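What follows draws every value from the coordinates through simple rules; no lab data is involved. What you see is a predicted model, and the numbers here were worked out from it, not measured in a lab. Note that we place each Cβ from the backbone using ideal geometry, even for glycine, and neighbour counts take in every protein chain shown.
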Protein chains: 2
Amino acid sequence: MDAAGAKSIFFNYVKKKGLRNTRQREVILAKFLAAEKHITAEDLHNILKKTNPDIGYATVHRNLKLMCDSGLAEEIKIGGKKARYEQKFGHEHHDHLICLKCGRFTEVKDDRIERLQDELARAKGFSPQRHKLEIYGLCRKCG
Amino acid sequence: MDAAGAKSIFFNYVKKKGLRNTRQREVILAKFLAAEKHITAEDLHNILKKTNPDIGYATVHRNLKLMCDSGLAEEIKIGGKKARYEQKFGHEHHDHLICLKCGRFTEVKDDRIERLQDELARAKGFSPQRHKLEIYGLCRKCG
DNA sequence: TTTAGTGCAAAGGCTTTGCAGATGT
DNA sequence: ACATCTGCAAAGCCTTTGCACTAAA
């Protein structure tokens, strides 16, 4: 699915909720979709300031939260540092390899692990809904 | 290993680092070891206040950090909320099932998952050191 | 007696909220 | 019109730090 698709998902959600389609909301969404994978609210705000210096930090936060509610974005916090936001749409679930030296993330996924996680949870009488797997270590460059 | 063993690990570390063995340090450690598995700094501070009302919050934080450095404790942050501290000692690595309704944690572990994680990382040229797996869903009671 | 440790309060770092004015619908 | 949205600044929340004093070694 392309950015236009994501846009319509988001604005359908907004409409359904009786919320409004503002100039800021539109540009925040557009820049978010065009941005790198794991962006912070601050980074996004900085990008926005170039073209829309009037947009406030709070508005960026409010809209990122709304994007998460709509299912378009997901908040991830790594190491208790500031939140990062990831596009979920057209972007299937994955886990992260996080380099302890350079801090870069790599996305990975393994169906066998996914399946085992599910089994493991169910074996404990738990109904899994989602999960987060982060593997910390050294990447190829830093190792 | 018992609490006495944990204590000596910690104070050996403290000594080796040229640090000191204070009254506060001793009681913070003792209460931490006696406390529930995933305690927050605030909870620990509250417990301490009962017997040692003079101990400050900052001191609790400072000592929890020291316990982490010594390898005795581990800081875990779940959902970006306040940090929780876990006893690592005599307590092998495990993952967490986290109930979205009641918030309770359950510890789980599966060697097959551990192995696959390792393989997966290495296949990407990554040298894994540690990882964190959190599975969110509903526990038996809340499901 | 020297240097780490402590308690307090203040400062940080990030996120959230209150408010008055602006703006979609 | 009227409720949502926005920008600003202030407040929150938790953690960390600066400082003068206390206390290990």
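Condition test on B:E119, is it assigned to a strand (DSSP E or B), surrounded by fewer than 17 Cβ atoms within 10 Å (Cβ to Cβ) and more than 7 Å from every other protein chain (Cβ to nearest Cβ)? Considered against the rule, which asks whether it is assigned to a strand (DSSP E or B), surrounded by fewer than 17 Cβ atoms within 10 Å (Cβ to Cβ) and more than 7 Å from every other protein chain (Cβ to nearest Cβ), B:E119 comes out as no. Checking each residue in segment A:60-78 for being within 24 Å of B:H131 (Cβ to Cβ) and within 11 Å of DNA strand D (Cβ to nearest atom) picks out no residue at all. Restricting segment A:59-82 to residues that are crowded, with 17+ Cβ neighbours inside 10 Å and assigned to a loop (DSSP other than H, G, I, E, B), which is nearest to DNA strand C (Cβ to nearest atom)? Filtering segment A:59-82 for residues that are crowded, with 17+ Cβ neighbours inside 10 Å and assigned to a loop (DSSP other than H, G, I, E, B), the one nearest to DNA strand C (Cβ to nearest atom) comes out as A:I78. For segment B:86-100, indicate whether the set of residues that are in a loop (DSSP other than H, G, I, E, B) and over 15 Å from the mean Cα position of the chain (by Cα) is non-empty. Yes; the residues of segment B:86-100 include at least one that is in a loop (DSSP other than H, G, I, E, B) and over 15 Å from the mean Cα position of the chain (by Cα). For segment B:1-16, give me each residue that is touching a residue at least 24 places away in the same chain (Cβ under 8 Å) and either in contact with a helix residue (DSSP H, G or I) (Cβ under 6 Å, 6 or more places away or on another chain) or more than 15 Å from B:F89 (Cβ to Cβ) (or both). Result: B:A3, B:A6, B:F10, B:Y13. Residues that are under 16 Å from B:G71 (Cα atoms), of a type in the set (A, V, I, L, M, F, W, C) and within 21 Å of the chain's Cα centre (by Cα): does segment B:31-38 have at least one? The answer is yes; a qualifying residue exists.
The combined condition, being among the aliphatic types (A, V, I, L, M) and surrounded by fewer than 18 Cβ atoms within 10 Å (Cβ to Cβ), is not fulfilled by A:I39. Inside segment A:18-36, residues that are within 12 Å of DNA strand D (Cβ to nearest atom) and surrounded by fewer than 15 Cβ atoms within 10 Å (Cβ to Cβ) make up a count of 7.
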